[in-house]
Amino acid sequence: MRGRRPKQSRGRRQYNGIPRFARNDIHATMLYIAADHGGYPLKEELKHFLIEGGYEVADLGAEELDLADDYPDYAFKLAEQVVQDEEAGGILICGTGQGMCMAANKVAGIRAVLVHNDFTAKDAADHLNANVICLGGRVTNAEMAKKFVKIWLDTEFSEDERHVRRLRKIEEMEES
Ligand code: RB5
């Protein structure tokens, strides 16, 4: 399995061994964002929205619209950054969000999910403790995307035992 392990516990950022993505503190929340050509226009709009909202945002590309670029390149680059900083989150955008999600989840420590409505945005945080969300630039417009990202950022992981147990099973698979 490729990818590095997340950093060791820093207390409040972990729950029963599961690294928690920091939320509700925009000054502590570093967000990485990346997109291929299918998500490039949405990335640009979302990036400016988040910066105006006070988030620290690092854009990992694409730097310009390139119809020949490949989503795994951006997914792996962003995922490698997020696993090195458990307080960071990531937003990946391709045409559907699906390819980015597949690729990002190959990196150990990444919990990437596809978000396409309010329910999946909330579930991404409170049940799944997702440290990366994936959006589809061809299926989600900018206003929807801004709302979904805010829901994800403003929702805390529930810490319910059943959700921790399920996430730990995924971690154990990664470690085996
Ligand atoms: C690229 O054409 C497209 O396949 C990609 O952006 C994405 O939709 C994959 O899931």
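For segment 118-135, check the following and say yes or no: at least one residue is buried (at least 17 other Cβ atoms within 10 Å of the Cβ), free of Cβ contacts under 8 Å to residues at least 40 places away in the same chain, of a type in the set (Ser, Thr, Tyr) and touching a helix residue (DSSP H, G or I) at 6+ places or on another chain (Cβ under 9 Å).
yes
One residue is enough: does segment 56-73 have a residue meeting the conditions buried (at least 21 other Cβ atoms within 10 Å of the Cβ) and touching a Cys at 6+ places or on another chain (Cβ under 9 Å)?
yes
Kindly indicate which of 142, 112, 68 is of a type in the set (A, V, I, L, M, F, W, C), closer than 20 Å to residue 58 by Cα and over 13 Å from the mean Cα position of the chain (by Cα).
Of 142, 112, 68, the one residue that is of a type in the set (A, V, I, L, M, F, W, C), closer than 20 Å to residue 58 by Cα and over 13 Å from the mean Cα position of the chain (by Cα) is 142.
Can you find a residue that is part of a loop (DSSP other than H, G, I, E, B) and away from the ligand (no atom under 14 Å from the Cβ) anywhere in segment 64-79?
yes
Return the residue satisfying two criteria in turn: it lies in segment 26-40 and is over 14 Å from the mean Cα position of the chain (by Cα), away from the ligand (no atom under 12 Å from the Cβ) and of a type outside the set (Val, Ile, Thr), and of such residues it is nearest to residue 86 (Cα to Cα).
For segment 26-40, the residue satisfying everything is 28.
Quick test of your reading of the structure: residue 86 fulfils all but one of (1) surrounded by 17 or more Cβ atoms within 10 Å (Cβ to Cβ); (2) outside any loop (DSSP other than H, G, I, E, B). Name the failing condition by number.
That leaves (2) as the condition not met.
Give the residues of segment 45-55 that are among the charged types (D, E, K, R) and surrounded by fewer than 17 Cβ atoms within 10 Å (Cβ to Cβ), sorted by residue number.
Taking segment 45-55 as the starting set, the residues that turn out to be among the charged types (D, E, K, R) are 45, 47, 52.
Answer for segment 45-55, where residues must be among the charged types (D, E, K, R) and surrounded by fewer than 17 Cβ atoms within 10 Å (Cβ to Cβ): 45, 52.
Any chance segment 39-60 includes a residue that's closer than 21 Å to residue 170 by Cβ, at pLDDT 95 or above and not small (Gly, Ala, Ser)?
There is no residue in segment 39-60 that is closer than 21 Å to residue 170 by Cβ, at pLDDT 95 or above and not small (Gly, Ala, Ser).
Please go through segment 91-145 and give me each residue that is more than 18 Å from residue 156 (Cβ to Cβ), more than 16 Å from the ligand (Cβ to nearest atom) and outside any loop (DSSP other than H, G, I, E, B), ordered by number.
Within segment 91-145, 142, 143, 144 meet the criteria.
Show the residue pairs meeting these rules: Cβ distance below 7 Å; 6+ apart or different chains; first residue within segment 28-41 and closer than 11 Å to residue 74 by Cα and outside any strand (DSSP E or B); second residue more than 9 Å from the ligand (Cβ to nearest atom) and not hydrophobic (A, V, I, L, M, F, W, C).
36/74; 37/66
The values are calculated or read from the model by the stated rules, or taken from the named source; none is laboratory data. Values in this document were obtained by computation on a predicted structure and should not be read as measured data. Here Cβ is always computed from backbone atoms with ideal geometry, including for glycine, and neighbour counts include all displayed protein chains.
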